[in-house]
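Each remark here refers to the structure printed beneath this line.
The values are calculated or read from the model by the stated rules, or taken from the named source; none is laboratory data. If you're wondering where the values come from, they're calculated on a predicted model, not measured in any experiment. Every residue, glycine as well, gets a Cβ built from its backbone with ideal geometry; the counts of neighbours run over all protein chains shown. Surface accessibility is based on the protein's heavy atoms, side chains included, excluding ligands, DNA and RNA. Shrake-Rupley method; radii C 1.70, N 1.55, O 1.52, S 1.80 Å.
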Amino acid sequence: MFNGKDDTGAVIVQTAPGKVVTHRGGTITLPCRYHHEPEDIDPNRIRIKWTKVSDAFQFEDVFVALGRQQKAFGSYQERVSLEQAGPGDASVIIHNITLEDYGRYECEVTNDMEDDTGFVNLDLEGVVFPYYPPSGRYKLNYHQAEEVCREQDAILASHPQLHKAWLEGLDWCNAGWLEDGSVQYPISHPRDQCGRKDSPPGVRNYGYRHKDDERYDAFCFTSNLNGRVYFLKRFKKVNYLEAVKACQRDGAFIAKVGQLYAAWKIQLLDRCEAGWVEDGSIRYPIVNPRARCGGPDPGVRNLGFPDKKFRLYGVYCFRKNTDIQSTQTPTETTSKMANSTRSI
C-alpha cells in the first residue's frame, strides 16, 4: 500500500475487488478512483483509459479521456461516459449492456510519465445452456460454436459462468467449447459413461483444443430478455413452417433457444407442452417438475430435431418489447474500493 512519503508524482489507482453485476439491457458503473502525490497536479494532464482484456490477453479499446476530451470506441460508442463524481474519479458508466460486454476491464490513469492500473470484472446475470446443432453431437469447431451461440441469442460461456451453472446443478455429459478456447463439461452426478462413476463431481476440463480442427458441442450464455417468450395457444398443432408463420401473424417471431432458456430461468416460464423453436428443435421449459413433464429436475426439455415438414407440435414465440425503457430498469452496482495494484 502506498505510504504517502513518495513525492515523485506517483499515481495510485483503486478499483472494485471481486466483480460488479448487472444484466443485458441494464446500466452499470465500473468503479475506479485515483490519487497522486503531490496532489497539486493539473487535472487536464490526467489521462484516463479503459480497456477490455480477454483471457487470451487481447486488448480492446473502450474509452479514453484527457481533460475535457473524451472518446469511446467501437461498440461502446454512445454507451460509455465518465461518471465524474468529483476529483479522482475515473469510473465509467456503461449503458444498454450487451452480452459481449461481459469480462475484465482495465482502468489506467496516467500523469505525464507516471501511471497505474486497476481491474474491474463485469458479470451478467443469466443462464448457461448446452447446445448442439441439427447435424448432431460433436460437429462444431470453435468458430462454428461461436456462431451457433450467436444465432440462438447467446455467446459462448466463460469458465466462471459454467462453474456457477454447475454449482446450481447443471449436469451435462457432452464436452463443449467455452469462450477461452477450452473444452469442458459439468458433472453433478458422476457415472461411468461420463468419466467414471467413482470420480468426484466437478467441471471436467479437456484443456485448450485446436480451434479449427477439433469438434465438440457448445456451452452458450444468455441474459435478460427485452421481450417475452410465450407458448402460442392454437386449436391445432403445426409443422415448422406453419409455426414460423403463426408467430408472425401474432406480431412476434419464433423463439430462439437462448430466448427460451432466458424465459425459463429469468421469467420463470413453465409450460408442459412441446413446441417448435427457431433452430428446428422441439423443447419446453419446466420450472416446477411434475409427473409426465420430463423428469424430476427443472430445466428446458429437448426432444430433438424432428422432420420439419411432417411432424406437428405447438410453437414458442418471442415478442420484443416496444417500450425499451420499461424493461431495462437501469441497475447500477458498485463495490467498495480497494487498492488493486502497485504504486509507482
**Prompt:** Looking at (1) open to solvent by less than 10 Å² (accessible area, probe 1.4 Å); (2) closer than 15 Å to Gly258 by Cβ; (3) part of a strand (DSSP E or B), which is the one condition that is false for Gln184?
**Reply:** (2)
**Message:** Just to check your reading of the model, which residue among Phe235, Phe219 is modelled with pLDDT of 95 or more and either in the same structural domain as Ile97 (by the TED database) or not β-branched (Val, Ile, Thr) (or both)?
**Reply:** Phe219
**Asked** Residues of the range 66-78 being touching a helix residue (DSSP H, G or I) at 6+ places or on another chain (Cβ under 9 Å) and open to solvent by less than 40 Å² (accessible area, probe 1.4 Å), which ones?
**Response** Gly67, Tyr76
**Prompt:** When only residues in the range 325-336 that are exposed (fewer than 14 other Cβ atoms within 10 Å of the Cβ) and not in a loop (DSSP other than H, G, I, E, B) count, which is modelled with the lowest pLDDT?
**Reply:** Ser326
**Asked** With Gln248, Gln184 as the choices, which residue is free of Cβ contacts under 8 Å to residues at least 60 places away in the same chain, of a type in the set (S, T, N, Q) and more than 30 Å from Thr22 (Cβ to Cβ)?
**Response** Gln248
**Complete:** So, first residue closer than 17 Å to Asp212 by Cβ in the range 146-158, second residue open to solvent by 10 Å² or more (accessible area, probe 1.4 Å) and part of a loop (DSSP other than H, G, I, E, B), Cβ within less than 9 Å, six or more apart or across chains; the pairs are Glu146/Glu179; Val148/Tyr132; Val148/Pro133; Val148/Asp279; Leu156/Glu179; Leu156/Asp180
**Asked** Within the bounds of the range 245-260, is there any residue that is of a type outside the set (Gly, Ala, Ser), at pLDDT 95 or above, open to solvent by 60 Å² or more (accessible area, probe 1.4 Å) and assigned to a strand (DSSP E or B)?
**Response** yes
**Asked** Being outside any loop (DSSP other than H, G, I, E, B), charged (D, E, K, R) and modelled with pLDDT under 95, is that true of even one residue in the range 4-18?
**Response** no
**Request:** Mind telling me which of the residues Glu179, Glu151 ends up being surrounded by fewer than 22 Cβ atoms within 10 Å (Cβ to Cβ), charged (D, E, K, R), farther than 30 Å from Arg45 by Cβ and under 15 Å from the mean Cα position of the chain (by Cα)?
**Result:** Glu151
**Request:** Find all pairs meeting these conditions: Cβ atoms under 9 angstrom apart; at least six residues apart or on different chains; first residue within the range 306-324 and assigned to a helix (DSSP H, G or I); second residue surrounded by fewer than 17 Cβ atoms within 10 Å (Cβ to Cβ) and at pLDDT 95 or above.
**Result:** Ile324/Asn96
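Per-residue answers, yes or no, for (1) among the charged types (D, E, K, R); (2) in a strand (DSSP E or B):
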site	(1), (2)
Gly169	no, no
Ser199	no, no
Arg204	yes, yes
His210	no, no
Asp213	yes, no
Cys220	no, yes
Tyr230	no, yes
Lys233	yes, no
**Fill in**
In the range 43-81, anything part of a helix (DSSP H, G or I) and of a type in the set (D, E, K, R) is listed as Arg45
**Message:** Out of everything in the range 291-305 that is part of a loop (DSSP other than H, G, I, E, B) and of a type in the set (D, E, K, R), what residue ends up being nearest to the chain's Cα centre (by Cα)?
**Reply:** Asp297
